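A short worksheet on the structure shown next.
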Amino acid sequence: MQHFAELFIASVLLAGLYAAMAFGLGLIYGVLRIVNLAHGGVIMAGAYAGWWLYETVGLDPYLSLIPVAAAAFLFGVVIYRLLVRRLPRGAAGGVQSLLLLFGVWLILRNIAYLLFTGNDQTLRTSYSTKALSLANASISVNRVAVFFIALAILLFLHLLLRKTYLGKAIRAVAQNPDSCTLVGIPIERIYALTFGIGTALAAAGGLLGATLFPFSPSFGSAELLKSFVVVVLGGLGSIAGTAIAALILAMVEIFSILIPGFPVYLTAAVGFVLLVLVLVLRPGGLFGQRVLG
Amino acid sequence: MTVSPREPAAAKPRVPRGPVLPWVSRQALVGLVVVVALAAAWPALLHPSAYQKNLVTLTFLYICTALAWNWLGGYLGQVSFGHSAMFGVGGFVSARILLSVHVPFAWAWIGGGIVAGLYALLWGHPTLRLRGPYFSIATIGVGEASRLVFTYWEWFTGGSSGLSLPIESGLKARLYWWGLGLLAIMVCASYALRKSSLGLGLLAIKSDVEAAADVGISPTFYQDLVLFLSGLAVGVTGAFYASYFSYIEPGDMFGFVQSISFVLMSVIGGVGTIVGPVLGAIVFVVLRESLIASYPQLYLGLYGILLVVIILFEPLGLMGLFFRIGKLTGLVRPQVVAKAAPGGTGAVRE
């Protein structure tokens, strides 16, 4: 039972990270109807940016979230303005945007190889090995911090989408872009901002992930798949759905080690198996595919 | 677009058709025969060096993978970033067959291909109900998971140290002919697939899944079938590749780079066309040998830049460029363009 509780806490903490990573992917898809394949690349870039800021300037990784997210936001806006905007919308642009953003991902990866080599890096701060003790369990400080920061990010997004003019405009564009132009919403600007926000979320997720796991330039493809599983499970745009889906994914991953004889290397395939199960059992996601509702 | 009933020859009497391959136009058949004859005469006439012959053999294999990828990515519009999984399975299964029993090489290659096709069905049957980008992301997962799992299955793949295959003298020279043969089969199969009712079904599914299902085309069956065929072809090519190098390791066979190259070759040439992937594979090999061999640290970025530039400026790749020039000079009629890549990547959508 003790063991079970520890694993449960571990999955809840991990779920926060997954939810933060996934939300950006879901947001961009919900509004622009584009799957941002550069998501994995930006996750990787965020991890390296945090690591680099810590190694050179000594900036604490949690403080560097703000400059890294801001830079990623600008990067996202630029990518949208320069590249994505030029593609046709809808089904015809689907394959094109996929290949284009895949190309962006490859370029990001190559830059990371050139700058930082292909070796695994870890972000080690003075408190990386510290742990809180709760009852008999001990929990890494970093994991708790990541969880609460991810929670704060999600809460911020919820307020942004619900309470501000920008958020309402984003939701409106997701529902019907044509009507938005009629009531004077600058949809091109909303698209650019949404792309920027989604990219910033990916970078923030990558940075948070870097405080927990080692990373290399190929970091991000597993995270992209996990984000995708969360989006499919939880539906689009709903924070609660995303959170629950992230929790399910994290629990399945963590509890799979309880299965006797379960080989560790198969954890890589857990996300995929879960994806297939969802597709077979509930193709519409757990709560139906609501679009930013 | 009309989906014709199953009497393609009778429906359009004015198009001249050869009696043997009713799907292939006469010009295309002549072109194919000429190209294959040239490739067959090349070693005897010009006495190429071992390096050149090696390069051409590899090009044959790459063309086959590009065409096989194109069946799924071009005809069906389901872009796979995980085709290295079947390439690797084909290679390793054939290697294991060759190492454990004494059978002719061809049997092992076919065996590897069939297992690869079945492997494709295993992950593809559930994921093919995803359309477009969703499917593509799932295939990234398939590729990564396959690479990890097969690297850890040391009893089967030899782990990171790889497997050495039995070596037979003269096999490399013979594989030139096998590769050429496979290439000819793949080109014919691509035409057959495109022009048959199966190909029309795929096109219908690509355009609109629900509408296709309404007129009696089972998306599940058609997609599974084409994925199996694509996996089979990629698997056989992987098996050839394994025998050709007589040494394979999972990091290379299942690598992300293999998957990218399959995508890239079709994109360079023109997704959804038949000549396109062939040209794309040739350009790809030339590019890799000339440019990337000198700057190995830049290849991922170069692939990325190529993808971005092609998609932005000419989504139909070299074929798009060809059609554009043809239209300007009036040499190519617009109908031909529309026919070459129906519902392609968007450039020539009706």
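Any idea what % of Cα-Cα pairs in segment B:202-250 are farther than 17 Å?
Numbers: 600 of 1176 pairs.
It works out to 51 percent of all Cα pairs.
How large is Rg over Rh for the protein assembly as shown, taking Rg from the Cα atoms and Rh as the Kirkwood inverse mean of 1/r across Cα pairs? Walk me through the numbers on the way to the answer.
Details: Rg = 25.3 Å, Rh = 25.8 Å.
My calculation of the ratio gives 0.98.
First measure r as the distance between the Cβ atoms of A:Val78 and A:Phe156, then evaluate 1/(1 + (r/R0)^6) with R0 = 35 Å and state the FRET efficiency to the nearest 0.05. List each step's numbers first, then the result.
Values: r = 23 Å, r/R0 = 0.66.
Approximately 0.95, to the nearest 0.05.
Can you tell me, using C-alpha contacts under 8 Å and at least 6 residues apart, the relative contact order of segment B:22-313 as a whole percent? Write out the running numbers ahead of the final one.
Working: 424 pairs, mean separation 97.8, N = 292.
Over segment B:22-313, the number comes to 34 percent.
If R0 is 51 Å, what FRET efficiency do you get for B:Leu55 and B:Glu154 from their C-beta distance, rounded to 0.05?
0.95
With +1 on each Lys and Arg Cβ and -1 on each Asp and Glu Cβ, how big is the dipole of the protein assembly as shown about its Cα centre, in debye rounded to the nearest 20? Don't jump to the answer; show the numbers that get you there.
Values: 38 positive and 21 negative charges, 340 e Å.
For this selection, approximately 1640 debye.
Near B:Gln223, within a Cβ-to-Cβ distance under 15 Å, what is the net charge of the other residues, with Lys and Arg +1 and Asp and Glu -1? Write down the numbers at each step before the final one.
On the way: positive: B:Arg129, B:Arg131, B:Lys206; negative: B:Asp208, B:Glu210, B:Asp224.
Counting the neighbours of B:Gln223, the net charge comes to 0.
With angles folded into 0 to 90 degrees, how steeply does helix B:256-269 sit against the dominant principal axis of chain B? Use alpha carbons for both and round to 10.
30
Build a GNM of chain B with springs between Cα atoms under 10 Å: which of B:Pro219, B:Pro104, B:Pro133 gets the top mean-square fluctuation?
B:Pro104
Please report Rg (one decimal) and Dmax (integer) in Å for the Cα set of segment A:20-90.
Looking at segment A:20-90, its Cα Rg and Dmax stand at 13.9, 45 Å.
With labels modelled as points extended 7 Å from the Cα through the Cβ direction, what inter-label distance (nm, one decimal) is found for A:Leu281 paired with B:Ser196?
3.8
With no solvent and one point per C-alpha, what does the Debye sum give as log10 I(q)/I(0) for segment B:73-202 at q = 0.09, 0.19, 0.22 Å⁻¹?
After summing over all Cα pairs, the log10 values are -0.33, -1.22, -1.34.
Any chance you could give the angle, 0 to 90 degrees and rounded to 10, that helix A:221-234 forms with the longest Cα principal axis of chain A?
Approximately 70 degrees, to the nearest 10.
Residue by residue, what Karplus-based ³J(HN,Hα) values in Hz, rounded to whole numbers, does segment B:103-109 have, using 6.51, -1.76 and 1.60 with θ = phi - 60° and x for Gly and Pro?
10, x, 4, 4, 5, 5, 5
At 1.002 mPa s and 20 °C, plugging the Kirkwood radius over alpha-carbon pairs of chain A into Stokes-Einstein gives what diffusion coefficient in µm²/s?
Details: Rh = 19.5 Å.
After rounding, the answer is 110 µm²/s.
Quick one: putting +1 on the C-beta of Lys and Arg, -1 on the C-beta of Asp and Glu, what dipole do you get for segment B:22-313 around its Cα centre, in Debye to the nearest 20? Show your work: numbers first, answer last.
Numbers: 12 positive and 10 negative charges, 99 e Å.
Dipole magnitude for segment B:22-313 comes out near 480 debye.
Through the Karplus equation 6.51 cos²θ - 1.76 cosθ + 1.60, θ set to phi - 60°, convert the phi angles of segment A:56-67 into ³J(HN,Hα) values in whole Hz; use x for Gly and Pro.
8, 9, x, 6, 4, x, 6, 6, 6, 3, 5, x
Any idea how far the Cα center of segment B:239-313 sits from the one of segment B:59-129, in Å?
Going from one Cα centre to the other spans 17 Å.
Note the angle between two axes, namely the Cα long axis of helix A:141-163 and the longest principal axis of the Cα atoms of chain A, as a number of degrees from 0 to 90, rounded to the nearest 10.
20
Count charges around A:Val230 for me, please; just the other residues with Cβ under 13 Å from its Cβ, Lys/Arg as +1, Asp/Glu as -1.
Values: positive: A:Lys226; negative: A:Glu223, A:Glu253.
Charge balance in the 13 Å sphere: -1.
Please give the direction-averaged projected area of the C-alpha convex hull for chain B, in square nanometres with one decimal. Can you show the working numbers first?
On the way: hull surface 74.2 nm².
The number I arrive at for chain B is 18.6 nm².
From Cα coordinates alone, what are the radius of gyration and Dmax values for segment B:47-148 in angstrom?
In order Rg, Dmax, the Cα atoms of segment B:47-148 give 15.7, 50 Å.
Rule-based calculations on the coordinates, nothing more; no lab input. Fair warning: this is a prediction, and the values are worked out from it, not measured in the lab. Neighbour counts are summed over all protein chains in view; Cβ atoms, including those assigned to glycine, are modelled from backbone coordinates with ideal geometry.
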